[in-house]
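The values are calculated or read from the model by the stated rules, or taken from the named source; none is laboratory data. No experiment lies behind these values; they were computed from the predicted model shown. Please note: Cβ atoms are built from the backbone with ideal geometry, for glycine as well, and neighbour counts cover all protein chains shown.
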Ligand code: ASP
């Protein structure tokens, strides 16, 4: 080893030891006859001191190093007179006796310290330098620890890791595929997997019983903030299980990960139906760190001569506890927020509940104190609260109210990043009607089993069939989803039929799976977690980019290696492009 210790290791108990450290120069400070260098490596920072009285030549050499030089130093650990309580090594410094410059450095394009002056693009271009910064590096460490905790749990629970291929066949279902031209098979293309879904199901037919893989998946989607074209899933599948078995297994996994990575007890994870989630929060991934459930006010809001409510299918109110303190200006800003085209509300009605129990609403002309009292009862509002009301058709009002609820949660500082509230959402609709193509899509994917007792709706009202599918959400983010699968060829065929596949199309695209179902396919189910999102939540960041070592930018470009890029004529010809 070129060093005896790391830069994060030395303590007061090491005083008078002679040690050798290696690392990068974070900063140098020159004071009269002395110089101090902060030496950094993955493990921390140690202060080095150089003193003219001790060795003038050495001081001169020290003054030739600048930011990001790689150096090696040998010296004596000494107690500091000026201690730094913010640094684990802050009680000591190394009085240097020997300095080797291992490699000089250009001046870095941004400051490599916890707080940097570098913008996002430049930091992405020099990502290897950005990773030298502690907050960036720490997130990769958290990612590693999360990966390890997941593997430990699954390995102990009898799951085996199996790798599935990256070069597979394109299927039109789901998102857009990335395709890879095949040189040996002219004019033919592989596709990169959007998930190993069919392969993991085949492994269940193979009898592997419990499979997992922490695996890259690829989806060629249009720009959406915080999407990466390649991302990582914790992909799992189990045989001879029902929904509750999958939920229990993975609830234990996620709780274990939170305990081991951030020492946080998530507690029991509540299960709610999709219908309840939409009804109470207008979202299938509700943020449960705060209340503000929806209240349906049609009975107390309609029929009082206020046309907007009278002509609406739904009138929904939410109560902001202590919200009467909001000023007129703040309410105007909230109103403008919901009227933005992305949200699309026509307006926002409010009702204050004053400290003396009287009411003041924006529709006092139509609603007297008694009528508003009824509002307060339905919305469980008390003195000092405010009620916000939106109206319109049910679907849009729920969506708008969800946006308003989250916005108010932010405004009232109820979305504490150090608090974690998880939930399972179950019983999703099996199918989703697509207005554009005039046909049903699988809401989850075509291999998800319907809830069998709903099957008799298959001809009369297929849209009402529930899926045996489940998602896990944490703090309003979907972090995982899965389902009990179809393992019966007849049912799978029926599903393809519902989705508008002709028998030929179904055979061409999924014949291998249908064939496998003829050779003793066991009941099975599984789930996949978004590993990047899980790491982001555990690292306290909103962006998955922060937890990926070499992420792509918003346009799907890697601006460090400059990809994607053109290929040369020769390559093109070889690939018949
Ligand atoms: N393959 C699914 C997905 O990527 C997850 C699953 O059903 O296990 O969403």
Subset tally (residues that are surrounded by 15 or more Cβ atoms within 10 Å (Cβ to Cβ) and more than 25 Å from the chain's Cα centre (by Cα)) for the stretch 543-566: 0
Exclusive hit being in contact with a helix residue (DSSP H, G or I) (Cβ under 9 Å, 6 or more places away or on another chain), more than 19 Å from residue 280 (Cβ to Cβ) and at pLDDT 95 or above, set 382, 402: 382
Pairs with Cβ under 7 Å, 6+ apart, first in the stretch 219-239 and under 21 Å from residue 180 (Cα atoms), second away from the ligand (no atom under 11 Å from the Cβ) and part of a strand (DSSP E or B): 229/218; 230/216; 230/218; 232/214; 232/216
Members of the stretch 127-148 found to be in contact with a strand residue (DSSP E or B) (Cβ under 7 Å, 6 or more places away or on another chain) and either without any contact (Cβ under 8 Å) to a residue 24 or more places away in the chain or assigned to a helix (DSSP H, G or I) (or both), listed by number: 147
Some residue of the stretch 63-81 being out of contact with any strand residue (DSSP E or B) (no Cβ under 8 Å at 6 or more places or on another chain) and either part of a loop (DSSP other than H, G, I, E, B) or farther than 29 Å from residue 141 by Cβ (or both): yes
Search result, residues across the stretch 523-542 that are surrounded by 16 or more Cβ atoms within 10 Å (Cβ to Cβ) and closer than 18 Å to residue 261 by Cβ: 529, 530, 531, 532, 533, 534, 535, 536, 537, 538, 539, 541
Check on residue 116, at pLDDT below 95 and surrounded by 17 or more Cβ atoms within 10 Å (Cβ to Cβ): yes
Test result for residue 571, part of a helix (DSSP H, G or I) and either in contact with a strand residue (DSSP E or B) (Cβ under 6 Å, 6 or more places away or on another chain) or surrounded by 13 or more Cβ atoms within 10 Å (Cβ to Cβ) (or both): no
Single match in 227, 243, 219, 151 (criterion: within 30 Å of residue 110 (Cα to Cα) and either within 16 Å of the ligand (Cβ to nearest atom) or surrounded by 14 or more Cβ atoms within 10 Å (Cβ to Cβ) (or both)): 227
Scope the stretch 154-199; condition closer than 24 Å to residue 223 by Cβ and within 14 Å of the ligand (Cβ to nearest atom); matching residues: 171, 173, 174, 175, 177, 192, 193, 194, 195
Candidate set from the stretch 246-268 (those that are surrounded by fewer than 19 Cβ atoms within 10 Å (Cβ to Cβ) and within 17 Å of residue 478 (Cβ to Cβ)); member that is nearest to the ligand (Cβ to nearest atom): 251
Residues of the stretch 40-60 that turn out to be without any contact (Cβ under 8 Å) to a residue 40 or more places away in the chain and surrounded by 18 or more Cβ atoms within 10 Å (Cβ to Cβ), as a count: 2
Unmet criterion (only one of (1) exposed (fewer than 15 other Cβ atoms within 10 Å of the Cβ); (2) modelled with pLDDT of 95 or more) for residue 139: (1)
Among (1) crowded, with 20+ Cβ neighbours inside 10 Å; (2) over 24 Å from the mean Cα position of the chain (by Cα); (3) more than 13 Å from the ligand (Cβ to nearest atom) - the single one residue 204 does not satisfy: (3)
